[in-house]
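The values are calculated or read from the model by the stated rules, or taken from the named source; none is laboratory data. All values derive from a computational prediction rather than experimental measurement. With ideal geometry, Cβ positions are generated from the backbone for all residues, glycine too; neighbour counts draw on all protein chains shown. Heads up: the accessible areas ignore ligands, DNA and RNA and are worked out on the full protein's heavy atoms, side chains in. Shrake-Rupley method; radii C 1.70, N 1.55, O 1.52, S 1.80 Å.
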Amino acid sequence: MSVEFWYMLPIGIVIATIAMASGVGGATFFSPLFILGLGLPPELAVGSGLVVEVFGFGSGVYAYVRRQLIDYRVGGMLLSATVPAAIAGVVVAHYTDADILKVILGMGLFAVAVSFLRAPDEEVEAALEDMAGEDPESAETCLVTAEGEEICYTVCNTTEGRLISGIGGLFVGMVSSGLGELNGYFLLQRCRVPSSVSVATSVFVVAITALVASVGHIFQVAQGGLTGLATMGSLLLFTVPGVVIGAQLGPMLAERVPDRWMEIGLGGLFTITAALLLFEAGLH
């Protein structure tokens, strides 16, 4: 354990704030940073990124619990697929070449970037607004937030949801990202669940799935000796406090920054990061 990664405290605050505001898993930011910026091997970077995500999203879950925006029934349904898939992903990552993992992560980030940069569908947005005001008598689910607002909606095909989220869970175990984005696709675009509930429920599912996957990666790192664990501990010593702070600031940022500005900025960031990962894998 050392203090060589002291600068991860402010970086962690900034990244966690953006991650929580956008609903994107923190490991989607941190794992590439640990690979490209710190030169860590992918298995160590992914494991560290997931541990950071657990603390960040765990803190974020608490914030959404207080606001009463999590749909626990839908969350439990998705977790029944994501948890076993994440465990399988950890096992697959253990037997996969490091450069292949970088390529998979890079391609995943490109997909995320495209989803952010794509122009919003006006019909989808209109449908979301309609669903937010669905008649309570015809809706399948109604949530009452801490502010007294009633949000009613109907969740669509649960089998499709398990399949989509299961794929996301597999990628979380392998390369630490993908679940939040696929959850968003299912809840927002396929089911038209109002965005506030979609983000809160996705954060809940990602936090628990990342916890399971992080335990698996820590076990794998421990098998390689104490050096890897010491590096992970030194890195997390400063990153975790920054992430816990940033996770509480994320919901406030989401209320103040226009969604489209956030999407364009993240789309550009993930495009550059993906290109760097693929370039580095190509050099090897």
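Taking V199, is it open to solvent by 10 Å² or more (accessible area, probe 1.4 Å) and either within 19 Å of V144 (Cα to Cα) or assigned to a loop (DSSP other than H, G, I, E, B) (or both)?
On the way: open to solvent by 10 Å² or more (accessible area, probe 1.4 Å): yes; either within 19 Å of V144 (Cα to Cα) or assigned to a loop (DSSP other than H, G, I, E, B) (or both): yes.
Against the criterion (open to solvent by 10 Å² or more (accessible area, probe 1.4 Å) and either within 19 Å of V144 (Cα to Cα) or assigned to a loop (DSSP other than H, G, I, E, B) (or both)), V199 qualifies.
If you scan the range 234-252, which residues turn out to be in contact with a Ser or Thr (Cβ under 9 Å, 6 or more places away or on another chain) and open to solvent by 20 Å² or more (accessible area, probe 1.4 Å)?
Residues of the range 234-252 that are in contact with a Ser or Thr (Cβ under 9 Å, 6 or more places away or on another chain), as a first pass: 234-237, 239, 243-250, 252.
Answer for the range 234-252, where residues must be in contact with a Ser or Thr (Cβ under 9 Å, 6 or more places away or on another chain) and open to solvent by 20 Å² or more (accessible area, probe 1.4 Å): L236, L237, V244, I245, Q248, L249, M252.
Here are V212, V193: which of them is open to solvent by 20 Å² or more (accessible area, probe 1.4 Å) and either touching a residue at least 12 places away in the same chain (Cβ under 8 Å) or assigned to a helix (DSSP H, G or I) (or both)? Reasoning before the result, please.
Values: V193 fails: open to solvent by 20 Å² or more (accessible area, probe 1.4 Å).
On inspection, the qualifying residue turns out to be V212.
Can V92 be described as surrounded by fewer than 20 Cβ atoms within 10 Å (Cβ to Cβ), out of contact with any His (no Cβ under 8 Å at 6 or more places or on another chain), under 30 Å from P241 (Cβ atoms) and at pLDDT 80 or above? Write out each step before concluding.
Details: surrounded by fewer than 20 Cβ atoms within 10 Å (Cβ to Cβ): yes; out of contact with any His (no Cβ under 8 Å at 6 or more places or on another chain): yes; under 30 Å from P241 (Cβ atoms): no; at pLDDT 80 or above: yes.
It is false that V92 is surrounded by fewer than 20 Cβ atoms within 10 Å (Cβ to Cβ), out of contact with any His (no Cβ under 8 Å at 6 or more places or on another chain), under 30 Å from P241 (Cβ atoms) and at pLDDT 80 or above.
Just checking, how many residues over the range 8-22 are open to solvent by less than 10 Å² (accessible area, probe 1.4 Å), closer than 20 Å to I70 by Cβ and either touching a Lys or Arg at 6+ places or on another chain (Cβ under 8 Å) or of a type in the set (G, A, S) (or both)?
Qualifying residue count, the range 8-22: 2.
Report whether or not S196 is of a type outside the set (K, R) and in contact with a strand residue (DSSP E or B) (Cβ under 8 Å, 6 or more places away or on another chain). I'd like the intermediate steps shown before the answer.
Working: of a type outside the set (K, R): yes; in contact with a strand residue (DSSP E or B) (Cβ under 8 Å, 6 or more places away or on another chain): yes.
Taking the combined requirement at face value, the residue satisfies it.
Across the range 95-106, which residue is farthest from L276 (Cα to Cα) among those that are among the charged types (D, E, K, R) and open to solvent by less than 60 Å² (accessible area, probe 1.4 Å)? Working first, answer last.
Taking the range 95-106 first, the residues among the charged types (D, E, K, R) are 97, 99, 102.
In the following step, the residues that additionally are open to solvent by less than 60 Å² (accessible area, probe 1.4 Å) were identified as 99, 102.
Values: D99: 12, K102: 10 Å.
Within the range 95-106, the match that is farthest from L276 (Cα to Cα) is D99.
In this structure, does E255 turn out to be acidic (D, E), part of a helix (DSSP H, G or I), free of Cβ contacts under 8 Å to residues at least 12 places away in the same chain and surrounded by fewer than 20 Cβ atoms within 10 Å (Cβ to Cβ)? Break it down stepwise before answering.
On the way: acidic (D, E): yes; part of a helix (DSSP H, G or I): yes; free of Cβ contacts under 8 Å to residues at least 12 places away in the same chain: yes; surrounded by fewer than 20 Cβ atoms within 10 Å (Cβ to Cβ): yes.
It is true that E255 is acidic (D, E), part of a helix (DSSP H, G or I), free of Cβ contacts under 8 Å to residues at least 12 places away in the same chain and surrounded by fewer than 20 Cβ atoms within 10 Å (Cβ to Cβ).
Is there a residue in the range 68-90 that is more than 21 Å from E181 (Cα to Cα) and either touching a Phe, Trp or Tyr at 6+ places or on another chain (Cβ under 8 Å) or free of Cβ contacts under 8 Å to residues at least 12 places away in the same chain (or both)? Let's see the steps before the verdict.
First pass over the range 68-90, keeping only residues more than 21 Å from E181 (Cα to Cα): 68.
Restricting the remaining residues to those that are either touching a Phe, Trp or Tyr at 6+ places or on another chain (Cβ under 8 Å) or free of Cβ contacts under 8 Å to residues at least 12 places away in the same chain (or both) gives none.
No.
Please state which one of E160, E147 is part of a helix (DSSP H, G or I) and in contact (Cβ under 8 Å) with a residue 12 or more places away in the chain.
Values: E147 fails: part of a helix (DSSP H, G or I).
On inspection, the qualifying residue turns out to be E160.
Might you let me know whether the range 270-280 holds any residue that is at pLDDT 85 or above, more than 20 Å from F30 (Cβ to Cβ) and either of a type outside the set (D, E, K, R) or in contact with a His (Cβ under 7 Å, 6 or more places away or on another chain) (or both)? Can you show your working first?
Looking only at the range 270-280, we keep the residues that are at pLDDT 85 or above, and these are 270-279.
Subset that is more than 20 Å from F30 (Cβ to Cβ): none.
Checked against the condition, which is being at pLDDT 85 or above, more than 20 Å from F30 (Cβ to Cβ) and either of a type outside the set (D, E, K, R) or in contact with a His (Cβ under 7 Å, 6 or more places away or on another chain) (or both), the range 270-280 yields no hits at all.
Please find, within the range 156-186, the residue that is modelled with the lowest pLDDT out of those that are open to solvent by less than 10 Å² (accessible area, probe 1.4 Å) and among the β-branched types (V, I, T).
V175
For the range 270-284, give me each residue that is in a helix (DSSP H, G or I) and either touching a Ser or Thr at 6+ places or on another chain (Cβ under 8 Å) or touching a residue at least 60 places away in the same chain (Cβ under 8 Å) (or both). Don't jump to the end; show me each part of the working.
At the first step, the residues of the range 270-284 found to be in a helix (DSSP H, G or I) are 270-283.
If the condition is that a residue be in a helix (DSSP H, G or I) and either touching a Ser or Thr at 6+ places or on another chain (Cβ under 8 Å) or touching a residue at least 60 places away in the same chain (Cβ under 8 Å) (or both), then F270, T271, T273, A274, A275, L276, L277, L278, E280, A281 are the ones that fit.
Any residue that is hydrophobic (A, V, I, L, M, F, W, C), open to solvent by 70 Å² or more (accessible area, probe 1.4 Å) and in contact with a Ser or Thr (Cβ under 9 Å, 6 or more places away or on another chain) - is there at least one of those in the range 53-66?
Keep residues of the range 53-66 that are hydrophobic (A, V, I, L, M, F, W, C), which gives 54-55, 57, 61, 63, 65.
Then keep just the ones that are open to solvent by 70 Å² or more (accessible area, probe 1.4 Å); that gives 55.
After this cut, where a residue has to be in contact with a Ser or Thr (Cβ under 9 Å, 6 or more places away or on another chain) as well, the list is 55.
Yes, the range 53-66 contains at least one residue that is hydrophobic (A, V, I, L, M, F, W, C), open to solvent by 70 Å² or more (accessible area, probe 1.4 Å) and in contact with a Ser or Thr (Cβ under 9 Å, 6 or more places away or on another chain).
Can you pull out the residues in the range 31-52 that are open to solvent by less than 10 Å² (accessible area, probe 1.4 Å) and in contact with a Leu (Cβ under 9 Å, 6 or more places away or on another chain)?
Correct list: S31, P32, F34, I35, P42, A45, V46, S48, G49, L50, V52.
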